[in-house]
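Report on the following structure.
The values are calculated or read from the model by the stated rules, or taken from the named source; none is laboratory data. Since this is a predicted model, take the numbers as computed values, not measurements. Cβ placement follows ideal geometry from the backbone for every residue including glycine, while neighbour counts extend to all protein chains displayed.
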Amino acid sequence: MTALLVTEHLSKQFGGVIATDDVGLSVNDGEIHAVIGPNGAGKTTLIAQLAGELAPDAGTIRFDGRDVTRLPAHERSRLGLARSFQVTSIFRNFTVLDNVALAVQAHSGSSFHFWRNARRDPTLREPARAALAAVGLADRAEIVAGDLAHGEQRQLEIAMALATRPRLMLLDEPMAGMGREDGERMVELLRGLKHGHGLLLVEHDMDAVFALADRITVLVYGRVIASGRPEAIRNDARVIEAYLGEAESARA
Amino acid sequence: MGVRSLALGAAVAGLALVPLIARALDAPFYVTLFGRIMIWAIAALSLNLILGYGGMVSFGHAAYLGVGIYTVGILSAHGVGSAFVQWPVAVAASALVALAIGAVSLRTSGVYFIMITLAFSQMLYFLGVSLKMYGGDDGMTLAARSRLGSWLDLEDGVVFYYVVLVALLVFHVLAARLVSARFGLVLRGVRGNERRMRAIGFPTYRYKLAAFVIAGAMCGVAGILLVNFTKYVSPGFMHWTRSGEIMVMVILGGMGTLVGPALGAAVFLLLEEVLSGYTEHWQLVLGPVLIVIVLFARRGLAGLFEREQA
């Protein structure tokens with residue numbers, strides 16, 4: 001397996017707060033690498049840096065062997081790095097199909113076309129329908145996205161990322177706010193995505209994380225305190241102390 | 001769809017008949033009134049592209065109107081009267097000014113964007129005031145309307161009216177195509193969620209800038225028509241209250257709708273025409289009308305008829 005995404009010594013501060021502290025991690029092709037940690041551990045900040053929305057203060061990000069540390073978000077997307085958002089981030093007034101077709105359009109040449117109706121362009125609509133089918137939203141294509149149920153909006157998030165034909169997906173809490181049934185469907189969806197993609201998964205649902213992850217990295221106050229296979233993480237004393245113990249007691 | 005096309009066709013036919021009706025009623029005033037409405041409709045249409053579809057609250061749109069006006073005025077003052085020189089130069093000038101203003105302004109967003117576009121347009125306003133050679137504060141009259149050729153004499157009010165009508169129709173069709181084409185969907189996407197647009201791979205800045213330039217050039221055409229219409233060059237056309245009026249037309253008619261800007265321009269100018277006969281404080285009536293529209297018809301007057309997805 002080759003490492004698609006590698007970070008070294010990644011650091012980011014906001015004023016006096018250290019959000020990312022010397023983080024090194026890697027995601028391989030065909031692998032689900034989960035990043036967990038208590039609230040405020042810097043998970044979303046990490047994703048923002050990987051996606052190119054935030055510039056790190058120090059350290060490097062390499063994607064597919066290329067240094068992308070200073071590359072803006074849209075160029076990383078072109079290279080095959082996609083992200084989904086923790087807070088559903090869709091085009092609420094567009095139909096479901098329009099949402100995904102726009103993602104396809106972003107990767108099918110320039111959009112400096114002023115005359116032809118893009119909503120009747122099969123080169124945009126067909127791949128968009130395929131991405132919708134892949135996440136199980138095929139029969140919701142013509143609905144206005146804002147009218148979808150919450151769980152379906154989360155699926156649409158994934159479909160939009162998928163439609164950019166990424167090699168690696170950064171998924172920021174794809175199960176946020178989902179009920180058990182929707183959550184289980186999402187777990188199946190993500191398991192399927194693993195083939196042909198690397199996935200970096202930030203998630204609070206520990207059942208999902210341990211069901212899915214090939215590797216887990218634990219972040220506390222922006223720092224990696226442990227990284228390894230799920231069994232090792234589950235039994236790691238520092239992790240139990242810093243995070244899982246807290247989660248267990250919170251659940252009880 | 002059928003009803004809407006019918007209504008649109010009826011409106012176009014009505015506008016085409018205005019000069020004939022005016023002659024029958026011996027009231028040439030109507031040709032002037034509707035000519036003016038259509039020119040402002042073009043200005044509003046251009047602002048709607050960036051404001052309504054792109055979500056860019058440009059508060060300095062009258063600047064491009066002014067660039068169109070001054071380019072024609074200055075060329076004319078130096079003896080260049082041909083439309084075939086004046087008009088392309090004026091369009092290029094407004095596009096260039098829009099490029100410069102947009103390139104800087106679009107690096108900001110929100111209130112800063114509003115303020116910086118306002119500041120740029122006020123700079124141009126004061127530039128106009130300082131041009132003593134071209135009338136300064138008082139402005140100057142245009143010696144003659146642009147010369148298109150002996151076969152199309154703009155000095156003839158009716159001929160000029162039809163030129164304006166054709167220009168409005170052409171821009172309406174261009175805008176209608178643009179907002180449904182790939183470019184238009186990118187614009188609407190930016191309005192809806194720019195961060196997401198970047199995340200799915202769009203370099204949003206250059207699309208916004210392109211839209212800004214297109215809108216500026218289109219408004220420059222409105223300026224060309226306006227200066228020919230009034231035969232008068234004045235910095236007053238660039239004053240920020242003018243930018244405000246164009247914005248009010250767009251909001252009144254319906255942001256992000258195709259017929260909204262023209263509808264808004266018509267209602268605005270007709271209200272002005274009718275009410276200013278009673279009181280010079282006619283905007284006392286406009287104000288409440290605008291408030292009601294904004295509160296109860298989010299997509300303006302056009303939104304009451306037009307069902308279209310954002």
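Conditions (1) out of contact with any Gly (no Cβ under 7 Å at 6 or more places or on another chain); (2) surrounded by fewer than 24 Cβ atoms within 10 Å (Cβ to Cβ); (3) within 18 Å of A:ARG119 (Cβ to Cβ), marked per residue:
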position	(1), (2), (3)
B:VAL166	yes, yes, no
B:ALA210	yes, yes, no
B:ALA215	yes, no, no
B:GLY253	no, no, no
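For region B:157-261, the helices (runs of 4 or more DSSP H) that sit wholly inside it and include 1 or more residues that are within 13 Å of chain A (Cβ to nearest Cβ) and on the phi < 0 side of the Ramachandran plot are B:157-180, B:182-199, B:204-230.
Here's the yes/no breakdown for (1) more than 12 Å from every other protein chain (Cβ to nearest Cβ); (2) exposed (fewer than 15 other Cβ atoms within 10 Å of the Cβ); (3) under 29 Å from A:ALA34 (Cβ atoms); (4) in contact with a Phe, Trp or Tyr (Cβ under 9 Å, 6 or more places away or on another chain):
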{"position": "A:VAL96", "(1), (2), (3), (4)": "no, no, yes, no"}
{"position": "A:SER111", "(1), (2), (3), (4)": "no, no, no, yes"}
{"position": "A:ARG116", "(1), (2), (3), (4)": "no, yes, no, no"}
{"position": "A:PRO127", "(1), (2), (3), (4)": "yes, no, yes, no"}
{"position": "A:LEU171", "(1), (2), (3), (4)": "yes, no, yes, no"}
{"position": "A:MET175", "(1), (2), (3), (4)": "yes, no, yes, no"}
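All of A:GLY59, A:GLY136 fail the test of being on the phi > 0 side of the Ramachandran plot, away from chain B (no Cβ under 13 Å) and over 20 Å from the mean Cα position of the chain (by Cα), apart from A:GLY59. Comparison of B:LEU51, B:LEU8, B:LEU47 shows that the only residue that is part of a helix (DSSP H, G or I) and either farther than 22 Å from B:ILE246 by Cα or at pLDDT below 95 (or both) is B:LEU8. In this structure, is A:ARG83 within 14 Å of chain B (Cβ to nearest Cβ) and touching a Gly at 6+ places or on another chain (Cβ under 8 Å)? Criteria not met by A:ARG83. Filtering A:ASP214, A:ASP205 for residues that are acidic (Asp, Glu), under 28 Å from A:ASP64 (Cβ atoms) and either loosely packed, with under 15 Cβ neighbours inside 10 Å or over 13 Å from the mean Cα position of the chain (by Cα) (or both) leaves a single hit, A:ASP214.
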